[in-house]
Amino acid sequence: MSLATRNGTPSVDAPVNPPTVVRQRRVRPGLLGLAVLLIALGGLGAAFAVTSVRATGSYLAVARPVEVGREISAADLVTVQVAGGQGLRPVPAARLDEVVGKRAAVALLPGTLLTLGQVTDDPLLGPGQQQIAIGLKTAQVPARELHPGDKVLLVSTPDTDADADTAAAGTRFTATVIDMVSPANDDKVLYLALLTRDVPAVVALAAQERLAVVLTEAA
């Protein structure tokens with residue numbers, strides 16, 4: 001481009017600005033893949049949430065304490081709503097009639113979901129047996145937990161208040177564990193199936209805290 005001056009001097013070429021080049025942004029393949037992955041994960045999360053909601057159902061829970069061996073009534077149970085429940089196998093509320101009338105195979109605690117493994121139709125006591133409950137210190141039991149069906153040996157310990165001639169020890173009684181619970185004071189309450197003839201002696205020894213429990217056969 002040329003410009004003319006007033007005094008007639010030759011024209012001078014004016015500088016011309018170069019054209020502006022607009023650079024196009026390049027889309028990085030890595031960022032595009034990350035965006036696709038995030039969208040996919042979001043879809044999976046939504047699907048999981050929908051599945052969990054659909055899995056919500058009505059199940060049976062324990063409403064009040066039920067001792068081992070006691071017959072279960074409808075008043076002992078309550079219906080609760082449980083979402084998801086993966087890894088759990090509670091009894092559906094629709095099966096209430098199947099549970100009522102059965103016996104508690106273990107001690108049922110309020111607020112816990114009921115499972116079929118906690119109830120039984122089988123008699124908890126064999127012929128000539130009675131059920132007893134004895135309180136024991138932690139050091140008197142062979143394990144932190146004993147399970148229904150475990151075979152144990154009850155062994156009397158010496159009477160420290162008696163003289164050497166009368167402080168007999170070592171009397172043994174065989175029994176089967178029905179259940180064991182741990183109260184808040186960390187003691188143990190052991191429910192046992194015991195021969196009827198052994199019940200008076202075992203109860204007397206337990207009152208004197210002169211019993212030790214030996215696990216002879218695990219269920």
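The values are calculated or read from the model by the stated rules, or taken from the named source; none is laboratory data. As the structure is a computational prediction, the values presented were derived from the model and not from experiment. Ideal geometry is used to build each Cβ from the backbone, glycine not excepted, and the neighbour counts take in all protein chains shown.
Brief remarks follow.
- Residue count, segment 153-172 (criterion: surrounded by 14 or more Cβ atoms within 10 Å (Cβ to Cβ), more than 15 Å from Glu217 (Cβ to Cβ) and at pLDDT 85 or above): 4
- Screening the candidates Gln86, Gln81 for the property of being over 19 Å from Ala219 (Cα atoms), modelled with pLDDT of 85 or more and outside the structural domain of Leu205 (by TED's automatic domain parsing) yields one hit, Gln81.
- Of residues in segment 203-219 being in a helix (DSSP H, G or I) and touching a residue at least 12 places away in the same chain (Cβ under 8 Å), the one nearest to the chain's Cα centre (by Cα): Ala206
- Any hit, segment 157-170, residues being in a helix (DSSP H, G or I) and in contact with a strand residue (DSSP E or B) (Cβ under 6 Å, 6 or more places away or on another chain): no
- Residue check for Asp179: buried (at least 18 other Cβ atoms within 10 Å of the Cβ), outside the structural domain of Gly69 (by TED's automatic domain parsing), acidic (Asp, Glu) and within 25 Å of Ala105 (Cα to Cα): yes
- Scanning segment 107-152 for residues that are in a helix (DSSP H, G or I), surrounded by 14 or more Cβ atoms within 10 Å (Cβ to Cβ) and touching a residue at least 24 places away in the same chain (Cβ under 8 Å) gives Leu116, Gln140.
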